[in-house]
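S.K.: Let me give you the structure first, and then I'll get to my questions.
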Amino acid sequence: MASMRIEKDSMGELQVPSKALYGAQTQRAVNNFPISGRRMPESFIRALLKAKAAAARANGQLGQLPLPVANAIVQASNELQRDKELMAHFPVDIFQTGSGTSSNMNANEVLATLASRILGEPVSANDHINCGQSSNDIIPSTIHISASIEVRDALLPALRHLVDEIRAKAVKVEGFIKTGRTHLMDAMPVTLGQSLHGWASQMEQNISRLEQALPAMQTLAQGGTAVGTGINAHPEFAARFCQTLNHDTGMAFRPADNFFSHIGSQDAAVALSGQLKATAVSVMKMVNDLRWMNSGPLAGLGEIELEALQPGSSIMPGKVNPVVPEAAAMVAAQVMGNDTAITVGGQSGNFELNVMLPMIAHNLLESIGLLTNVSVLLADKAIASFTVNDARLKEALAKNPILVTALNPIIGYLKAAELAKLAYKEGRPIIEVAAEHTDLSIEELTRLLDPAKLTRGGL
């Protein structure tokens, strides 16, 4: 058994592993919440440490902490963030007290241990590390800080990379004309490039919406302390906190106009999650299109061939499946599920505090991380590398009776419908059927029903 030491908090004595940097309150949380075995995301812990360092700097500048103590806290935070075993110091389960107090005290205790070693004298987890703070404002603030950093530094670059690859591929495949489909049924022709530019536009709109969500995420509850009144925080603390945090992160955090709203609710996080869900919906549409076009290759559409990445069956030799689009579809489903949980969490703002903060933090950051990773994978392993089966495209296009739509202004809808039905029934090209049953010549029909011309609206 691991050797233990005795730690003490306001509730009494408790055994803690001898080598642990944390103390009694963290150990109580470990004992109380053996629920999922999943810890808070590393990106959240890193943001929490940045927040603690910013608070120490602000309190040092404002005379709320002795400068040597403030500097020791900042140094401890920096050392922790360089520690390759960082998460070993943060063992608290996601499903804990709804305010995230356990995670806040976990950080306070670890930083107090390290700062005490640096300073050579005791540094208090509550009186020094947590000076001018409450779990009720530092945890909501850390949700905003961590999500803002991850969206800016990870998700948006990944989505831009995906857009770039889609646009580049669209240019390469612009000359390929395929049967359009509505309701999964034959429709007027489109170019493959037009389809891909549509995907790129969807993703660009998602990027724009995510960018629009960031300013609200950069407003912080910090300074509201326990209930929003700012008890025990210096009047200038919130502003100084944001200044030092912005210097560290290069972002534009600012105190919330109203601390009560930011402590009692998680509306900005719910809104950001909604935009992540919208991005997931776009991903699902795109990968399902890829799967359909890749289907077969003999009994399906077989219009494109995705890169072969691994054997597709443990029993059927030679089978290759669209594994990256399938993985992306599962990511999309997970993000949608996370959003539902975040929505429920957002409803749990009871009076002066939301009490589902750790779950909201986890789900929000998980969605950002999943979308980040899968966007790069889709760009590099599906979009950039698929090939086009032009013969299959032309074969289907030549038999498509819906091209007769272009003749509506000349022969009328009812006559055109009659010709389409006849072409379907006889399995013949619409141009042959139209030549037999209208006064239009083959030459004129060839010009009117030219698929390339029809992809430009027939002009």
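S.K.: Give the number of residues within segment 279-292 that are aliphatic (A, V, I, L, M), farther than 19 Å from residue 337 by Cα and without any contact (Cβ under 8 Å) to a residue 60 or more places away in the chain.
M.R.: Final tally of qualifying residues: 0.
S.K.: Looking only at helices (runs of 4 or more DSSP H) that fall completely inside segment 352-412, which ones have 3 or more residues that are in contact (Cβ under 8 Å) with a residue 12 or more places away in the chain?
M.R.: Details: elements: 357-378, 390-398, 408-411.
Output list reads 357-378, 390-398.
S.K.: Only one of these is over 30 Å from residue 214 (Cβ atoms), surrounded by fewer than 20 Cβ atoms within 10 Å (Cβ to Cβ) and either in the same structural domain as residue 340 (by TED's automatic domain parsing) or of a type in the set (A, V, I, L, M) (or both): 270, 320. Name it.
M.R.: Numbers: 270 fails: over 30 Å from residue 214 (Cβ atoms).
Of 270, 320, the one residue that is over 30 Å from residue 214 (Cβ atoms), surrounded by fewer than 20 Cβ atoms within 10 Å (Cβ to Cβ) and either in the same structural domain as residue 340 (by TED's automatic domain parsing) or of a type in the set (A, V, I, L, M) (or both) is 320.
S.K.: Continuing with this model, one more query. Name the residue, out of 138, 73, that is part of a helix (DSSP H, G or I), more than 26 Å from the chain's Cα centre (by Cα) and at pLDDT 95 or above.
M.R.: Details: 138 fails: more than 26 Å from the chain's Cα centre (by Cα).
Result of the check over 138, 73: 73.
Let's see how each residue does on (1) in the same structural domain as residue 143 (by TED's automatic domain parsing); (2) in contact with a strand residue (DSSP E or B) (Cβ under 8 Å, 6 or more places away or on another chain):
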{"position": "210", "(1), (2)": "yes, no"}
{"position": "213", "(1), (2)": "yes, no"}
{"position": "228", "(1), (2)": "no, no"}
{"position": "233", "(1), (2)": "no, no"}
{"position": "238", "(1), (2)": "no, yes"}
{"position": "241", "(1), (2)": "no, yes"}
{"position": "246", "(1), (2)": "no, no"}
{"position": "253", "(1), (2)": "no, yes"}
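S.K.: Say whether the condition of being buried (at least 23 other Cβ atoms within 10 Å of the Cβ), within 22 Å of residue 147 (Cα to Cα) and not small (Gly, Ala, Ser) is met by at least one residue in segment 22-37.
M.R.: Scanning segment 22-37 turns up no residue that is buried (at least 23 other Cβ atoms within 10 Å of the Cβ), within 22 Å of residue 147 (Cα to Cα) and not small (Gly, Ala, Ser).
S.K.: Something else about it: Any idea which of (1) more than 30 Å from residue 397 (Cα to Cα); (2) assigned to a helix (DSSP H, G or I); (3) under 24 Å from the mean Cα position of the chain (by Cα); (4) touching a residue at least 60 places away in the same chain (Cβ under 8 Å) is the one residue 251 doesn't satisfy?
M.R.: (2)
S.K.: Further, regarding this structure: Give the residue that is farthest from residue 397 (Cα to Cα), with candidates limited to residues of segment 410-429 that are among the aliphatic types (A, V, I, L, M) and crowded, with 16+ Cβ neighbours inside 10 Å. Show your work before the answer.
M.R.: First, the residues of segment 410-429 that are among the aliphatic types (A, V, I, L, M): 410-411, 414, 416-417, 419-420, 422-423.
With crowded, with 16+ Cβ neighbours inside 10 Å added as a condition, the list becomes 411, 416, 419-420, 422-423.
Working: 411: 22, 416: 17, 419: 16, 420: 14, 422: 17, 423: 13 Å.
For segment 410-429, the residue satisfying everything is 411.
S.K.: Right, next: Counting just the residues of segment 296-310 that are assigned to a loop (DSSP other than H, G, I, E, B) and within 29 Å of the chain's Cα centre (by Cα), which one comes out surrounded by the fewest Cβ atoms within 10 Å (Cβ to Cβ)? Spell out the reasoning first.
M.R.: Initial filter on segment 296-310 (assigned to a loop (DSSP other than H, G, I, E, B)): 296-303, 306-310.
Cutting the leftovers down to within 29 Å of the chain's Cα centre (by Cα) gives us 306-310.
Working: 306: 21, 307: 16, 308: 11, 309: 14, 310: 7.
In this case the residue turns out to be 310.
The values are calculated or read from the model by the stated rules, or taken from the named source; none is laboratory data. Here the structure is a predicted model, which means the values were calculated and not measured. Because the Cβ atoms are built from the backbone with ideal geometry, glycine has one as well, and the counts that use them run over all protein chains shown.
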